[in-house]
1. Are any residues in segment 45-72 farther than 14 Å from M4 by Cα and surrounded by fewer than 22 Cβ atoms within 10 Å (Cβ to Cβ), and if so, which ones?
2. So T163 ticks every box in (1) over 14 Å from F83 (Cβ atoms); (2) of a type in the set (S, T, N, Q); (3) within 14 Å of the chain's Cα centre (by Cα) but one. Which box is left unticked?
3. Of all the residues that make up segment 31-54, how many are of a type outside the set (S, T, Y), touching a residue at least 24 places away in the same chain (Cβ under 8 Å) and within 20 Å of S188 (Cα to Cα)?
4. Could you tell me whether any residue of segment 3-22 is more than 16 Å from E69 (Cβ to Cβ), in contact with an Asp or Glu (Cβ under 9 Å, 6 or more places away or on another chain) and surrounded by fewer than 14 Cβ atoms within 10 Å (Cβ to Cβ)?
5. For segment 179-201, which residues satisfy the criterion of being at pLDDT 90 or above and exposed (fewer than 14 other Cβ atoms within 10 Å of the Cβ)?
6. Within segment 45-86, track down each residue that is part of a strand (DSSP E or B), under 12 Å from the mean Cα position of the chain (by Cα) and small (G, A, S).
7. What pairs come up if the first residue lies in segment 1-30 and is under 22 Å from K180 (Cβ atoms), the second is charged (D, E, K, R) and in a loop (DSSP other than H, G, I, E, B), and their beta carbons are under 7 Å apart, counting only those six or more places apart or on different chains?
8. Here is a list of conditions, (1) in contact with a Cys (Cβ under 8 Å, 6 or more places away or on another chain); (2) among the acidic types (D, E); (3) at pLDDT below 95, and E28 meets all of them except one; can you say which number that is?
Amino acid sequence: MSIMRLENVKYAYVTGKPVLRGISEELEAGKIYAILGPSGCGKTTLLSLLGGLDSPISGKIYFAEQDIEQDGLMKHRREHVSFIFQSYNLIDYLTPVENVALTSRLPALPVLQKLGLTREEAKRNVLKLSGGQQQRVAIARALTSEAPVILADEPTGNLDENTAAEIVEILKQSAHQMNKCVVVVTHSHELAEQADVIFKLHKGNLQVLNRY
């Protein structure tokens, strides 16, 4: 049974240029989904719509068969989804531990250490960390959230190959062991091949490349 569902979702830029041309798809808990496509095709826009950060010009998005707009986009963002943003979106005057604690009741330090930060780094101001370290904090924040859906925009883009592989494994565990629905926007075919379902966004249409 689907946890999220898109029903004929359309979106266009202010200029009128169509981005999404009527997407209908179901997303299930316990699976990791990858969305491929060239830059500017609308992948991040689709992720924003799923997360309630924006609204389609027509069509509906459902969480547990409830229209997320009727139920309230703020409630959807607060209770149902957690984000891994490409730009991190960390609170810049806080430490990694404090950033993670904002969204989780779980102890932050063990998760941050699992993602490669030392105890000392976890207690520094985030602006004193490298881009890759900040990305790890953003990932930790999403992984420790109780939200059943993780939406990730290029989660391995700023990480070295070994760390990227570890992050992919953690995202897979979140889906397969913690029964979360994980949706990843990526340019990486290597990451996409680890997903249960691979989509390609092409000319405003969402095509299924593979289902495992």
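The values are calculated or read from the model by the stated rules, or taken from the named source; none is laboratory data. None of the values given here were measured: they were computed from a predicted structure. Using ideal geometry, Cβ is built from the backbone for each residue, glycine included, and neighbour counts are taken over all protein chains shown.
1. T45, L53, D54, S55, I57, S58, Q70, G72
2. Every listed condition holds for T163 apart from (3).
3. Counting residues in segment 31-54 that are of a type outside the set (S, T, Y), touching a residue at least 24 places away in the same chain (Cβ under 8 Å) and within 20 Å of S188 (Cα to Cα) gives 11.
4. Looking for residues that are more than 16 Å from E69 (Cβ to Cβ), in contact with an Asp or Glu (Cβ under 9 Å, 6 or more places away or on another chain) and surrounded by fewer than 14 Cβ atoms within 10 Å (Cβ to Cβ), one finds none in segment 3-22, hence no.
5. Those that are at pLDDT 90 or above and exposed (fewer than 14 other Cβ atoms within 10 Å of the Cβ): N179, E193.
6. S82
7. If the second residue must be charged (D, E, K, R) and in a loop (DSSP other than H, G, I, E, B), the pairs left are A29/K180.
8. (3)
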